[in-house]
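Everything on this sheet refers to the single structure shown next.
The numbers here are math on the coordinates, done by the rules we state, and not lab data. All values reported here derive from a predicted model rather than from experimental measurement. Note: ideal-geometry Cβ built from the backbone for every residue, glycine included; neighbour counts use all protein chains shown.
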Amino acid sequence: MTLVVQPGISPAASLGADAGALAAGALALRVYEFAGDVLSLGRYHLLPSGRPGTRVRLHRRHSGGRATAFGDGFVGIALTLPHRSALVSPQPLALAPEQVMNRCVRGILEGLKAAGVAAFYPGRDFITVDRRPLGLVAFEVGPTGALLFEAILANRRDFSLLPALLDEVDPGGVVSAEMLAAEAATSLARLGATLPLDDVAALVRGGYEQVFGLEFEVARAPAPAPIEEDSWLRQRSPRPELDRHGSTRTQLGCLEAHFVLDGARIADIVLAGDFIANSPAVDELERGLRGSRAERRVVDEVVARVFARPENFFLGVGPLETIAETIMRAMPV
């Protein structure tokens, strides 16, 4: 595998690097830092309106999951593989979707252990120490089946910074997010293990070598795939014409359905929130719901058809019936 270390990279360049690695199905580990204050959105969050002249930069990940603090004081980790099971099997579907993060995170946990940090992955999307979040994890599987596993580690600052960032860029409260108090979060600094970027990269590299027997060669970053950052950010912007809004509290935060009816049918729909899903499945699900009758039975049938295929997944919301329940919450009485 290749190892790329990138201090002070821009969010746009980072997105392009991951897009290029996904398209190529590369075997690559990238460890990087952003400068300044950054609010990192999951792939499926609606874009907040922002404030003119704000110091906080918006970033939308390739993977889903929660909105979180990023930027100065945090370290990003991006692992790309040819398919979601590549760490343990040549068979792409050997791992069930809910097993993927449990396997991918093991190299990071082993690296933190070598630094004297007793980190734990309790499931879902956090790396914790004494039940306090130290890292956030999520993943994407693209149209070719390639995997991108993403992690954000709190190094000098921690995730309790999130409310201040949201105050800057989301005064309208578009992004629903769980707020962590300072005492409920942690960081490597708080644990007495603040690390330079190169040291984090060396530890994570060593962790993946130890757990999976991988071999790395240090490389220059490949040419990034072209991504127009503003368009990427705006791919899920609030749309006033979607006048129906259903919302459900979920395991990771919130699932939202924004749609408009044409008589008894769903004319258009956008799903948003904190879920983790492969983007081709979300695209297919939204296409399948457009034009379908706005009935619980019909919506459940569309959902079941999309997720009957083992390559598709929709995690962090509980049972798949939650999707139809969320839509039905916004139906006229």
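Taking max minus min of the alpha-carbon positions on each principal axis, the stretch 95-179 gives extents of 40, 39, 18 Å, largest first.
Work through the residues other than GLY206 whose Cβ is under 14 Å from its Cβ and net out their charges, Lys, Arg +1 and Asp, Glu -1.
Numbers: positive: ARG106, LYS113, ARG205; negative: GLU110, ASP198, ASP199, GLU209, GLU215.
Net charge in that neighbourhood comes out at -2.
Between amide H atoms placed 1.01 Å from N, distances below 5 Å from ALA267 occur with VAL260, LEU261, ASP262, GLY291, all of them 5 or more places distant or on a separate chain. Springs join every pair of Cα atoms under 10 Å in this Gaussian network model of the chain, and among GLY123, GLY71, GLY53 the largest mean-square fluctuation is at GLY53. 3J(HN,Hα) couplings calculated from phi for the stretch 179-186 with the Karplus curve 6.51 cos²θ - 1.76 cosθ + 1.60 (θ = phi - 60°) are, in sequence order, 9, 9, 6, 4, 6, 9, 10, 8 Hz; Gly and Pro show x. Applying both filters, DSSP loop and at most 15 other Cβ atoms within 10 Å, to the trypsin sites (Lys or Arg not before Pro) of the stretch 140-205 gives ARG156.
Would you calculate the convex hull of the Cα atoms in the stretch 43-91 and tell me its volume per residue in Å³?
Working: hull volume 5.2 nm³, N = 49.
Residue-normalised Cα hull volume stands at 106 Å³.
For the stretch 1-124, what relative contact order do you get, as a whole percent, if you take Cα pairs closer than 8 Å and at least 6 residues apart? It would help to have the intermediate numbers written out before the result.
Values: 171 pairs, mean separation 29.5, N = 124.
So the answer I get is 24 percent.
The separation of the stretch 1-73 from the stretch 129-200, counted between C-alpha centres, amounts to 12 Å.
Ordering 139-145, 62-68, 285-291 by mean Cβ neighbour count within 10 Å, with the highest value first, yields 62-68, 139-145, 285-291. With 0.36 nm allotted per residue and the present C-alpha distance subtracted, the VAL211-GLU241 stretch has 5.8 nm of extension available. Other residues with beta-carbon under 11 Å from the beta-carbon of ALA267 carry, at +1 per Lys or Arg and -1 per Asp or Glu, a net charge of -1.
For Cα extents along the principal axes in Å, the value calculated from this model appears in (1) 71, 52, 38; (2) 59, 47, 39; (3) 81, 63, 46 under label (2).
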